[in-house]
1. Would you mind checking LYS35/LYS71; LYS92/LYS191; LYS39/LYS71 for any pair whose Cα atoms are more than 20 angstrom apart?
2. If I model a spin label as a point 7 Å beyond the Cα along the Cα-Cβ vector, how far apart are those points for SER50 and ARG399 in nm?
3. Given a Förster radius of 30 Å and the C-beta distance between ALA212 and THR177 as r, what FRET efficiency does 1/(1 + (r/R0)^6) yield to the nearest 0.05?
4. Quick one: if the Förster radius is 25 Å, what FRET efficiency do SER422 and GLU462 give, using the C-beta to C-beta distance and rounding to 0.05?
5. Give the residue list of trypsin sites (Lys or Arg not before Pro) in segment 339-416 that are DSSP loop and have at most 14 other beta-carbon atoms within 10 angstrom.
6. Could you tell me the calculated FRET efficiency between ASN81 and GLU331, based on Cβ-Cβ distance and R0 = 35 angstrom, to the nearest 0.05?
7. Need the full-extension length gain, GLN228 to ASP205, defined as separation in residues times 0.36 nm minus the C-alpha distance. One decimal, nm.
8. Looking at the square roots a ≥ b ≥ c of the eigenvalues of the Cα gyration tensor of segment 379-483, which shape do they give, rounded for a/c under 1.5, prolate if a/b is larger than b/c, or oblate?
Amino acid sequence: MLDREEVEALADGSYDITTTWEDIKAEGNAWFAKKEYKKAFEKYELALRSAPHGQVHFLHGNRATCLFHLKEFRDALDEINKALECMPTWDKGLHRKQCIVQAIAKEKAKQLNIPLGSVYADKAHVISDANPTKESTLLWRRLISSLDSANQDVLDGVFARLTNDMEFRRVMYPGLTIDDITKKNLPRSLKQLLEDPWYEQEMIDLMPKVQAKATSVLENVKRKAAAQGEFMDAATETALRPQVLREAFGREVLAMIQRVAVAKHAVLAQDTRCIADPHAERATWDILGSSTLDSLFNTGVGIQDAFLGEDFIPLLQSDVARMWKQNQLVETADRTFMRFISIEDTSESFPALAELLDKLLSIPYEINMKRQSQLCAEESIAGATSVVAFPRGVGQPLRLDCGTDAATDNGYRLSCLYAVQSTNDQIVHLQRASKQASKSEEHVEVVSDRLVLFKSQEVLHELTSNTGDDNLFYVVFRIHGRL
């Protein structure tokens, strides 16, 4: 409950007035003590006009308390929100907001004549003193407020990258343009992500792990310093902790996003409703030779040349070049440029690319028919196909598209790499993960219209750095399911 003892007096608890704004505030306090809340509210309004910035949140808080007693709860909520905008970590303000939101919920319940719990939509934004996550929530709000601080120049590391809107989009949505992100209503910045109620509880749940990581880092720094005869004092630790917390938080956010992505893809791989129908007409297109499939299933790698056809090569190269000139490929964190594509967004503007995509999408149908596999139809799965550009000096380190344990198994079972143009400036290096494989590794030349297929969980692949002056383009297609 909000009561008159919660109205702020001067710092020493007295009303010894020395300045105009304090004089007016004291008059407001006097009216408040007499329960003349409207008159008190008016005095706090006058005091706001000349109060120093550091006192503004107190006055908004007092105004909120007056409105609360006048049962003007919505206006009270607006006032306390203004106070918390000035001082997001003000504990007393957070408590006042809790009382106000509870009062609003009770009013709703009375009006609708239904139980309180079903209408209390604002409860997720309130911290109860008895709530064991109170410390996590306060830390969470401090991290949000740090995005608006004037000390952005001291930020470094992962958190610094995430606070830059362009870097945030590169890291979080590789291959999506700003238009794609807007159409999907995705957060376009770290601040939007942190303020999105859909993500809030996930982020708050990360806080204990963030705190533990920050403490571990600081203890490690202190231990190393002590070994060299240097000791970190309390003031230095206090100054460093916010920076360490921010960096730990940035790393945990990235890890969380990756975990969610892996889990979503893994679920798709197990969903029998997504399996490509082996009896569908496109399963009979016979686009993969028997030798290609034999090699794929026996060694983990298959190569199909002349995949699209000679007549299509210049048309496809023209499509990809236009897509590049129109800035539709987005730079990623590893310096490649990428764009996810679908039949819908390529059929009109990039018809040759749409033709290639249509043939790629038929692969799981054909393999399911010929090898009794359970690969997924990828038409409706976002992110299955992408155009990737490698500028001069950029390559791809050796990697496995799908992990082999439960934590890293994203459901991909087959990876396809299609070369848009021939080049001597880059090669594809394939390496079997199993030491028992009869052929542990091989190098594949990049030849236009060549499709390289390999098992995502068994074959690591690398693209050496592009040594030429021109961009090298590939179309990458990954298939979920079970082989």
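Read-outs throughout are calculated quantities, based only on the coordinates presented, and are distinct from any laboratory measurement. Being a predicted model, the structure only gives us computed values, none of them experimental. Positions of Cβ are generated from backbone atoms using ideal geometry, with glycine treated the same way; all protein chains shown enter the neighbour counts.
1. Details: LYS35/LYS71 13 Å; LYS92/LYS191 24 Å; LYS39/LYS71 15 Å.
Listed pairs above 20 Å: LYS92/LYS191.
2. Computed distance between label sites SER50 and ARG399 equals 6.3 nm.
3. Numbers: r = 37 Å, r/R0 = 1.24.
Efficiency computed from Cβ-Cβ geometry: 0.20.
4. Working: r = 19 Å, r/R0 = 0.76.
Given R0 = 25 Å and the Cβ-Cβ separation, E is 0.85.
5. Numbers: sites: ARG339, LYS359, LYS370, ARG371, ARG392, ARG399, ARG413; in loops: ARG392.
Filter output for segment 339-416: ARG392.
6. Details: r = 38 Å, r/R0 = 1.08.
With a Förster radius of 35 Å, E is 0.40.
7. On the way: separation 23, 0.36 × 23 = 8.28 nm, distance 3.68 nm.
So the extension gain works out to 4.6 nm.
8. Numbers: a/c = 1.98, a/b = 1.36, b/c = 1.46.
Here segment 379-483 falls in the oblate category.
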